[in-house]
1. Give the residue list of trypsin sites (Lys or Arg not before Pro) in the stretch 89-176 that are DSSP loop and have at most 11 other beta-carbon atoms within 10 angstrom.
2. So if I place +1 on the C-beta of Lys and Arg and -1 on the C-beta of Asp and Glu, and nothing else carries charge, what would the dipole magnitude of the stretch 111-214 be about its Cα centre? I want it in debye, nearest 20.
3. Might you tell me the accessible area per residue for the chain, computed with a 1.4 Å probe and given in Å²?
4. Within the chain, what whole-number % of the accessible surface is contributed by carbon and sulfur, with the 1.4 Å probe and all protein chains included in the calculation?
5. What whole-number value in cubic angstrom gives the convex hull volume per residue for the C-alpha atoms of the chain?
6. So how tilted is helix 158-171 from the main axis of the chain? Cα-based, degrees 0 to 90, rounded to 10.
7. What is the helix-to-structure angle for 45-61, meaning the angle in degrees between its Cα long axis and the longest Cα principal axis of the chain, kept from 0 to 90 and rounded to the nearest 10?
8. Would you check the accessible area of SER115, probe 1.4 Å, heavy atoms only, in square angstrom rounded to 10?
Amino acid sequence: MIGGDVVDAVRTLLAEARGGVVPIVTAGDPVLRSRATDYDGQLDSETFAELIEVMRATMHAAPGVGLAAPQIGIPLRIAVIEDLFEVAEAIAHARERTPLPFRVLINPRYTPVGSRTASFYEGCLSIPGYQAVVTRAAEVRLQCTDELGHRSDEVVRGWPARIVAHEIDHLGGTLYIDTADTRSLTTTENYGELWSDPTPARAARALGFTVDPR
């Protein structure tokens, strides 16, 4: 999908939005396995702003903490992230989960900072019903622009770094399950009933996988 095809796809998607929300593409759709195209102003300002609002509303409705454009069928390097959910203090501490205000990432890239990693359960709106443990860098360098064109080059830490990496991976055609420890795979129902501890250490012992020591 290039040039006018992308523009037409966005306009069609926005026209089909219900209550500002659009369907989320699920695993098996080729758009989730393709490298997204850099955003370089293919959309007029009004359409671009509407796309961002639809992505935000769709993320909230899911609900989730991030959404990449390919997850709604648009192969552009655009993602939105936000994590203002309240969690127990023990979980926030163990996962370094700090509030993440809404922001738009345009043409984002990330690189690990340092050697420290962390292993935690993740889910994905495009793979509903399952979660698995992924080991990721505890700190990443994020380079991107925002919806106003302002450049950003910063280090993101803890749970926000995980969200950033997860969403940017989508833009390269990578799903979290590609790098997850498959022995940790669990239904979301079983995760809630059995394994929603602050860390996956107990699940690792029971299910037979390893996690990075913290």
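The values are calculated or read from the model by the stated rules, or taken from the named source; none is laboratory data. Source: prediction; values computed, not measured. Cβ placement follows ideal geometry from the backbone for every residue including glycine, while neighbour counts extend to all protein chains displayed. Accessible surface areas use protein heavy atoms only, side chains included; no ligands, DNA or RNA. Shrake-Rupley method; radii C 1.70, N 1.55, O 1.52, S 1.80 Å.
1. Working: sites: ARG95, ARG97, ARG103, ARG109, ARG116, ARG136, ARG141, ARG151, ARG157, ARG162; in loops: ARG97, ARG116.
For trypsin sites (Lys or Arg not before Pro) across the stretch 89-176 that sit outside H, G, I, E and B with at most 11 neighbouring Cβ atoms in 10 Å, the list is empty.
2. Details: 10 positive and 14 negative charges, 88 e Å.
So the magnitude is around 420 debye.
3. Details: 10520 Å² over 214 residues.
Each residue of the chain exposes 49 Å² on average to a 1.4 Å probe.
4. Numbers: 5480 of 10520 Å².
Carbon and sulfur together cover 52 percent of it.
5. Per-residue hull volume (Cα only) is 116 Å³.
6. 50
7. 30
8. Answer for SER115: close to 110 Å² accessible.
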